[in-house]
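Quick notes on the structure that follows.
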Amino acid sequence: MKIFIITVCFNSAKYISDALRSVNAQTWPDIEHIIVDGTSRDDTLRVVEVHPIPWRRVISEQDKGFYDAMNKGIRLCQEEIIGFINSDDFYSSPDVLAKIAAVFTDPLVDACYGNLCHVKKNDTQTIIRYSQSSKFTPRLFLQGWCPPHPTLFLRREVYE
């Protein structure tokens with residue numbers, strides 16, 4: 001099962017290497033990673049070039065903002081499972097995507113999500129805020145709840 005990871009970025013040279021290293025370090029072997037860059041004016045694309053991986057693609061073109069770029073990444077995806085990692089985020093361990101893949105072995109699962117740790121910019125061991133996930137119930141959406149998108153993985157057909 002291939003997992004498609006989308007990273008949307010714009011002028012992210014300061015932070016994107018952590019996200020790239022985090023994806024590169026994943027133990028799950030079947031990954032495709034696409035960087036959707038909104039024509040950054042800093043060194044973002046040079047930083048991405050330092051982390052070449054055959055299963056990473058880079059698209060750099062104008063977009064209409066963050067959500068337009070996310071949707072562009074989704075349209076480019078041909079894989080079964082889709083997730084996002086922001087350019088200034090990283091996975092908490094190298095087995096995150098393996099755990100995600102294990103959840104999706106159940107054909108009845110269309111989505112999974114998890115907890116999100118917000119850490120200090122210069123000290124990633126210090127958690128500033130912890131977003132605890134809760135059991136999904138449809139009524140939560142009516143109350144304004146939604147899972148943090150960096151922890152959300154969906155089957156492609158959900159987007160379709």
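The values are calculated or read from the model by the stated rules, or taken from the named source; none is laboratory data. Given the structure is predicted, the values throughout are model-derived calculations rather than measurements. With ideal geometry, Cβ positions are generated from the backbone for all residues, glycine too; neighbour counts draw on all protein chains shown. Quick note on the areas: whole protein, heavy atoms, side chains included, nothing else; ligands and nucleic acids left out. Shrake-Rupley method; radii C 1.70, N 1.55, O 1.52, S 1.80 Å.
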Inset, instruction - Could you pull out every one of the strands (runs of 3 or more DSSP E) wholly within segment 45-126 that has 2 or more residues that are open to solvent by 60 Å² or more (accessible area, probe 1.4 Å)? - result: 56-60, 116-120
Legend entry - Top-ranked residue of segment 4-18 - restricted to ones that are touching an Asp or Glu at 6+ places or on another chain (Cβ under 6 Å) and touching a residue at least 60 places away in the same chain (Cβ under 8 Å), ranked as surrounded by the fewest Cβ atoms within 10 Å (Cβ to Cβ): Y15
Inset, instruction - Return only the number of the condition from (1) part of a loop (DSSP other than H, G, I, E, B); (2) within 24 Å of E160 (Cα to Cα); (3) among the acidic types (D, E) that E32 does not satisfy. - result: (1)
Inset, instruction - Kindly indicate whether any position in segment 22-29 is small (G, A, S), without any contact (Cβ under 8 Å) to a residue 40 or more places away in the chain and not in a loop (DSSP other than H, G, I, E, B). - result: no
